[in-house]
1. Please turn the phi angles of the range 190-202 into ³J(HN,Hα) values with the Karplus equation 6.51 cos²θ - 1.76 cosθ + 1.60 (θ = phi - 60°), one per residue in order, whole Hz, x for glycine and proline.
2. When the Kirkwood hydrodynamic radius is evaluated over all pairs of different C-alpha atoms of the range 287-375, what value in angstrom, to one decimal, is obtained?
3. For GLY341, what charge total do you get from the other residues with a beta carbon under 15 Å from its beta carbon, if Lys and Arg give +1 and Asp and Glu give -1?
4. Take the alpha carbon gyration tensor of the range 157-237, find the square roots of its eigenvalues, order them as a ≥ b ≥ c, and report rounded if a/c is under 1.5; if not, report prolate when a/b exceeds b/c, else oblate.
5. Need one word for the range 96-244: rounded, prolate or oblate. Basis is the Cα gyration tensor (sqrt eigenvalues a ≥ b ≥ c); a/c below 1.5 gives rounded, then a/b vs b/c decides.
6. When the chain is fully extended, how far beyond the present Cα-Cα distance does THR239 get from THR6, taking 0.36 nm per residue of separation?
7. Just to confirm the filter: which GluC sites (Glu not before Pro) across the range 265-348 are DSSP coil and have at most 12 other Cβ within 10 angstrom of their Cβ?
8. By how many nm would the segment from ARG371 to SER120 grow when fully extended, if each residue of separation counts as 0.36 nm and the alpha-carbon distance is taken off?
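What follows is calculated from the coordinates using simple rules that are stated; it is not laboratory data. Since the model is a prediction, treat every value here as computed from it, not as a measurement. Please note: Cβ atoms are built from the backbone with ideal geometry, for glycine as well, and neighbour counts cover all protein chains shown.
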Amino acid sequence: MSRTRTSDVLVIGGGIIGLVTAWRAAQRGFATAVLDPEPGGGAAQVAAGMLAAVTELHYGEQTLLGLNLASARRYPDFAAELTELTGHDLGYRRCGTLAVALDADDRAHLRELHALQQHSGLESQWLSGRECRRLEPMLAPGVRGGLRVDGDHQIDPRRLAGALVAACEQAGVVFHRVWAERLTVARDRATGVVTTDGTELGAGQVVLAAGSLSGRLAGVPEDVLPPVRPVKGQVVRLTMPQRHGPFLSRTVRAVVRGSHVYLVPRESGELVVGATSEEMGWDTTVTAGGVYELLRDAHELVPGITELPLTETRAGLRPGSPDNAPLLGPTELDGLLLATGHYRNGVLLTPVTGDALAHALATGELPGEARPFTPKRFSTATALTEQPA
Ligand code: GLY
């Protein structure tokens with residue numbers, strides 16, 4: 001085995017969550033390293049980049065809503081800081097979102113979502129079908145109503161990942177372009193990793209931020225291993241005409257036959273249509289059925305999409321957790337922290353995750369807004385002591 005090189009903080013995983021953690025840690029003065037064969041890769045290369053705290057609200061997820069909103073509020077400053085530092089345009093677009101209904105069932109579902117949003121103090125406006133089409137003339141004539149949410153924006157996750165790599169480089173983060181073979185533990189404390197090329201890397205603290213792979217790193221004690229699983233999402237990319245005004249001016253989404261479909265128009269002319277949600281293990285095959293269903297549902301919303309060039313099909317893996325919320329901060333194993341399990345909200349939660357992890361690395365504690373997301377909520381000992389009498 002080669003000799004040990006040490007850092008204060010070693011981040012396993014160079015997706016957007018690992019990168020933002022490393023960047024913020026380096027800004028706090030920690031000597032920081034990131035371990036990933038392809039920094040900036042992962043789910044961000046597939047994700048549409050909706051910042052949809054309000055339109056992706058679900059019953060039973062009000063605690064997560066608090067974190068989502070905290071992150072959404074940080075986005076303007078976060079994006080400006082990254083752009084100023086790196087010169088990268090992130091494709092951050094404050095365009096709002098329109099969630100529409102195609103039939104009576106969809107409309108009832110959307111009415112319930114509207115009631116939940118109002119109950120939660122969120123801003124959204126009910127529109128008739130005609131009002132929806134006035135906003136977005138390419139919508140199908142059959143649209144029965146919709147919710148206008150001006151606060152749900154978008155960013156281009158590929159550009160975000162590229163900017164975070166650049167910001168890390170500028171901040172002095174060291175990249176090890178290799179994967180982790182196993183975590184090393186000595187005297188009940190995480191001490192670093194052994195990489196797949198046999199190098200031993202020591203660290204004062206280790207952050208496991210490997211997305212859907214976080215649950216299967218060797219050497220992590222069973223009771224600390226995060227309960228994260230891959231949830232496959234297939235996405236297609238089309239190109240919109242630039243000639244006669246915008247094809248779509250904001251994100252448009254709906255639930256069609258029980259499946260979420262969204263169309264995210266970028267200023268560059270790219271139109272991202274997503275996404276399937278499949279429990280298929282680590283399979284990332286793009287299937288004819290997945291693409292067919294996405295295009296069929298998107299076509300019901302916006303019939304004109306069939307005229308557009310199809311430029312890309314891709315599948316990625318969301319890191320799903322048992323309660324659909326992330327696992328953030330210190331674990332029961334000293335020296336090991338988690339930043340994983342972001343499921344459908346990884347892009348949205350990037351700013352708040354970086355801040356929360358940097359705080360935890362510096363103080364040993366999560367900031368107040370991130371405390372409900374401690375990984376310890378899943379540990380047997382904590383669960384037993386928190387049982388109601
Ligand atoms: N947040 C959108 C998705 O996960 O498909």
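1. Coupling constants for the range 190-202: 5, 10, x, 9, 9, 8, 5, 9, x, 7, 9, 10, x Hz.
2. On the way: mean 1/r = 0.0635 Å⁻¹.
Evaluated over the range 287-375, this radius sits at 15.8 Å.
3. Numbers: positive: ARG216, ARG229, ARG318, ARG344, LYS376, ARG377; negative: GLU61, ASP323.
Spelling it out: positives minus negatives among the neighbours equals +4.
4. oblate
5. prolate
6. Contour length minus the Cα-Cα distance gives 79.3 nm.
7. Passing sites in the range 265-348 are GLU279.
8. This chain segment gains 88.3 nm when fully extended.
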